[in-house]
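Here is the structure we will look at.
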Amino acid sequence: MKIAFVGKGGSGKTTLSSLFVRHLAARGTPVVAVDADINQHLGAALGLDDSEAAGLPAMGAHLPLIKEYLRGSNPRIASADKMIKTTPPGEGSRLLRLQEDNPVYDACARTVALNGGDIRLLATGPFTESDLGVACYHSKTGAVELMLNHLVDSREEFMVVDMTAGSDSFASGMFTRFDMTFLVAEPTRKGVSVYRQYKEYARDFGVPLKVVGNKVQSGDDIDFLRQEVGDDLLVTFGHSDWVRAMEKGRPRPFAELEEDNSRSLATLYETADASYALRDWERYTRQMVHFHLRNAESWGNAKTGADLAAQVDPSFVLHEDRRETAAAPQPA
């Protein structure tokens, strides 16, 4: 299952995505957590110290390796440098699985011990001094989009992505890559402004969307959110002494999280799990191709010097049944 947490900066989406990851880990559910925000905070929220968080490999720095691995023996892709962030898989492409070992995870993922189990953590990487003034953050998050395009996942395994702040993810097709999107909103006018933008785009592309109220202090706060977002409001989270202790570097056992916040996390899981029944791999593949063709025409063809529309394999549909049919690694 592919789950996104979105929201305006400061809404608490990183905190809530980290709590959801912890909830999954406590259930014994396999989890890959991805920090897709260039303001890298997910590692710290999952308990890494400053040096450990700073030492996470940057996916953006390994983009050539990621492209070469995913290209596999796909005859429609002449070389890895002809791939862009939206390139879809086809026959011969290597597909990713959440629980396998592969060169992409070896280079980009780190194992984090959490609640008695292990999760994999990946990060896009922050801006570096060499990026300033010459690169945009989409060059970083493109690695995540490519992975999502090539990922075949099943019900009882999760990729949880802490997305870029605000509505920036609409700059690509990445917002359509998820089984469920949880939009974190504070009970303020600014807090629900991103919801209105996201709702419009989500409706156009059939993206499942639920609002998670955060920093809720009273019944009036809940009434405000319900008035603004209606039935899209799923659950709310209030003040948490457990989270405050974590932010102070004084972690407590996850079992001590407040009961009402634990119930809200259980509702997030139940909602995400229920979305499995709505999966439509043909639509997923069709949307993937749609955004690839748009990106190819607007900038990709000019950048690569190739007709990227030719990368589309018209007979290929990504699906769980392809879990055992990905191309085998080529000999060195």
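The values are calculated or read from the model by the stated rules, or taken from the named source; none is laboratory data. None of the values given here were measured: they were computed from a predicted structure. Neighbour counts are summed over all protein chains in view; Cβ atoms, including those assigned to glycine, are modelled from backbone coordinates with ideal geometry. We work out accessible area using only protein heavy atoms, side chains counted, and drop any ligands, DNA or RNA first. Shrake-Rupley method; radii C 1.70, N 1.55, O 1.52, S 1.80 Å.
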Filter pass, A113 being at pLDDT below 95, within 20 Å of K2 (Cα to Cα) and either out of contact with any Ser or Thr (no Cβ under 6 Å at 6 or more places or on another chain) or surrounded by fewer than 20 Cβ atoms within 10 Å (Cβ to Cβ) (or both): no
Has the stretch 211-220 got at least one residue that is closer than 13 Å to L19 by Cα, in a loop (DSSP other than H, G, I, E, B) and modelled with pLDDT under 95? no
For the stretch 232-259, how many residues are assigned to a helix (DSSP H, G or I) and open to solvent by less than 80 Å² (accessible area, probe 1.4 Å)? 6
In the stretch 194-217, which residues are of a type in the set (S, T, Y) and open to solvent by 50 Å² or more (accessible area, probe 1.4 Å)? Y201
Please state which one of S73, S79, S51 is at pLDDT below 95, more than 18 Å from the chain's Cα centre (by Cα) and of a type outside the set (D, E). S51
Tell me which of these V21 doesn't satisfy, since it passes every other one: (1) surrounded by 21 or more Cβ atoms within 10 Å (Cβ to Cβ); (2) in contact with a Gly (Cβ under 9 Å, 6 or more places away or on another chain). (2)
Residues being in contact (Cβ under 8 Å) with a residue 12 or more places away in the chain, assigned to a helix (DSSP H, G or I) and open to solvent by less than 60 Å² (accessible area, probe 1.4 Å): count how many of those fall in the stretch 273-322. 20
